[in-house]
1. Nearest 0.05, what FRET efficiency do residue 165 and residue 107 give at R0 = 35 Å with Cβ-Cβ as r?
2. Place a +1 charge on the Cβ of each Lys and Arg in the range 1-157 and a -1 charge on the Cβ of each Asp and Glu, then give the dipole magnitude about the Cα centre in debye, rounded to the nearest 20.
3. Evaluated at 10 °C with a viscosity of 1.306 mPa s, what Stokes-Einstein diffusion coefficient in µm²/s does the range 101-186 have when Rh comes from the Kirkwood expression over alpha-carbon pairs?
4. Can you compute the label reach from residue 51? Point 7 Å from Cα along the Cβ direction, backbone N cut-off under 13 Å, restricted to the range 138-157.
5. Could you work out Rg/(2.2 N^0.38 Å) for the range 51-111, with Rg from alpha carbons only?
6. Pairwise over distinct Cα atoms, reciprocal of the mean inverse distance: report the Kirkwood radius of the range 56-150 in Å, one decimal place.
7. Between residue 172 and residue 80, what FRET efficiency follows from the Cβ-Cβ distance if R0 is 25 Å, with the result rounded to 0.05?
8. In the chain, what percentage of the DSSP-assigned beta bridges are antiparallel, given to the nearest 5?
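Any read-out appearing in this document is the output of simple, stated calculations on the displayed coordinates, not a laboratory observation. Keep in mind the model is a prediction, meaning the values are calculated, not measured. Virtual Cβ from ideal backbone geometry, glycine too; neighbours counted across all protein chains shown.
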Amino acid sequence: MKHLILVTSPPACGKTFVSKALAKALKPIVYLDKDTLIVLSKQIFKVANEEINRSSQFFEDHIRNYEYDAIFDVALEALEYCDLALINAPYAREIRNPAALDAMREKLAKVGAELTVIWVQTDIEVCRQRMINRNSDRDTWKLENWDEYVATQNFTKPDIENLIIFNNSNEEEFNESIARISAQLKG
């Protein structure tokens with residue numbers, strides 16, 4: 001059976017670190033990171049003469065959903081050639097919307113694949129420190145408006161059947177989670 005593994009959480013919970021570690025443990029796999037599309041988003045902001053602000057209404061109206069659709073379509077295509085694909089992306093709305101999850105599952109079923117969702121659980125203050133440490137322009141507004149930003153994020157685990165929790169607030173949690181989950185997904 002083919003599987004699309006969706007690694008999700010709010011920003012700076014460690015999705016990329018976790019996703020890359022899982023991809024290495026689960027080879028062969030197609031690894032896809034939605035952040036790869038940021039270069040295109042920046043160009044859209046530039047051409048539209050808009051401030052680069054991934055929390056803006058402009059981003060919501062003209063970029064956000066297209067990024068998610070594009071990376072999902074690339075994963076569907078990859079599953080034609082490989083039994084495992086992994087997407088590293090927040091999917092914040094979709095994972096809390098049963099209709100959106102059902103639509104994903106229907107598309108995956110057409111290529112003989114199932115959806116596996118991994119939620120990266122991380123303490124909020126650890127996320128803030130990771131944003132500071134990664135020093136990315138995509139986080140500037142978030143850090144400057146931390147309380148307002150955090151109020152827009154849902155750090156509680158989504159209610160999804162068979163959800164896999166990857167605890168990632170410290171090295172001990174990471175090590176336990178990577179061993180447990182990679183064994184589960186290989187089995």
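1. Values: r = 25 Å, r/R0 = 0.71.
It comes out at approximately 0.90.
2. Result for the range 1-157 is approximately 480 debye, rounded to the nearest 20.
3. Estimated via Stokes-Einstein, D reaches 103 µm²/s.
4. Label zone hits: 140-145.
5. It is 1.26.
6. Details: mean 1/r = 0.0640 Å⁻¹.
Kirkwood hydrodynamic radius for the range 56-150: 15.6 Å.
7. 0.05
8. The answer is about 0 percent antiparallel.
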